[in-house]
Amino acid sequence: MAESNEVRFENVDKVFPLDGDYLEVLDTINLNIKSGEFISIVGNSGCGKSTLLKMLVGLDSPTKGKIIVGDRVVSEPRADVGMVFQEARLFPWLSIEKNISFGIANNVAKENRQRIVKEAIELVGLHGFEKAYPAQLSGGMQQRASIARALVGEPEVLLLDEPFGALDAFTRITMQNEVLKIWEKEKRTMILVTHDIDEAIFLSDRIVILSERPGNIKEIINVDLPRPRDRSRQEFLNIRKKILTSFIGNTGLDVEYYI
Ligand SMILES: Nc1ncnc2c1ncn2[C@@H]1O[C@H](COP(=O)(O)OP(=O)(O)O)[C@@H](O)[C@H]1O
Ligand SMILES: [Mg+2]
């Protein structure tokens, strides 16, 4: 029997209508993600990464094939799959605590809501900023708040679509450490789309490399290194080389040049 929140893509194709024609975006995606796994998805811009996550969260649907979480086919947004986007998408007119509270299911009692928000604020390191408004926070802090808002919904599977793409290099590294801690503590399945190869290696159990559009799975790379990972260790660099080689393929470019 499948574990309760295993994610399965079965022969998933996605085609968008475009200008009276069709744009094939994803081609025959087959992928099983185990409960509690940390997966990263990397690929060129426009190869369908965001589309893949949107279909998994139920904001869009496959043209062919199906996506299954646990024992249910995804057909609409649902509480057990949460998503964090590149922009924090907070409500500017609500305080941080109210923004986070917004992610809690409606049927949770008021007294519990306060406790849940408090715990989430501690978890993402925003203590002291409960009453602040989004515009009063840095980009990294806003992104922490949006991660907290997704976590209080208690999703079994958390999707992160280039969540740190707009942050500076130092804040990114801090956020990667935070996400790692949260993943280790909460043991939720996490699926991260990123264009940062080191970020993918630092965090993931497996890295899924997509081809250019229409995206299909070119290669899956296992990252079998103890955490927290040292970005300068030879094994880390070897995996980076492997990923770059997969990207560059037979383009004639020299991988050594990029390392
Ligand atoms: N709703 C849509 N309608 C038509 N085309 C779309 C839609 N969403 C995405 N696309 C197209 O699908 C392709 C893949 O988009 P996306 O999944 O956002 O790529 P990625 O996240 O890998 O950069 C792009 O060419 C984009 O223009
Ligand atoms: Mg995208």
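Summary of computed values
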item	result
Under the span-like rule (Cα at least 18 Å along the axis, Kyte-Doolittle mean at least -0.5), DSSP H helices of the chain	139-152, 169-186, 234-248
Dipole of the chain [Lys/Arg +1, Asp/Glu -1 at C-beta], most positive-end residue of VAL117, PRO77, LEU90	VAL117
Residues of type aspartates and glutamates that LYS66 reaches as a straight line, Cα spacing below 18 Å, ignoring anything fewer than 8 places off in the same chain	GLU3, GLU6, GLU10, ASP13, GLU24, ASP27, GLU76, ASP80
Long-range amide H partners of GLY215 with built H, under 5 Å	LEU26, ASP27
Long-range amide H partners of GLU37 with built H, under 5 Å	MET190
Loop-located trypsin sites (Lys or Arg not before Pro) in region 5-55 whose Cβ has at most 14 other Cβ within 10 Å (DSSP)	LYS34
Overall form of region 101-188 per C-alpha gyration tensor (a/c, 1.5; a/b vs b/c)	oblate
Mean residue ellipticity (222 nm) of the chain, computed from DSSP H runs ≥ 4 via -39,500 (n - 2.57), nearest 500	-10000 deg cm²/dmol
Under-5 Å amide H pairs with GLY153, H placed in peptide plane, nonlocal only	none
Relative contact order [Cα under 8 Å, 6+ residues apart], the chain, whole percent	24
For the chain, size of Cβ-based charge dipole, Lys and Arg +1, Asp and Glu -1, in debye	620
Ranked list, fewest to most other Cβ atoms within 10 Å of each Cβ, for LEU23, LEU192	LEU23, LEU192
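The numbers here are math on the coordinates, done by the rules we state, and not lab data. Here the structure is a predicted model, which is why all the values come from computation and not from measurement. Reconstructed Cβ throughout: ideal geometry from the backbone, glycine too, with neighbour counts over all protein chains shown.
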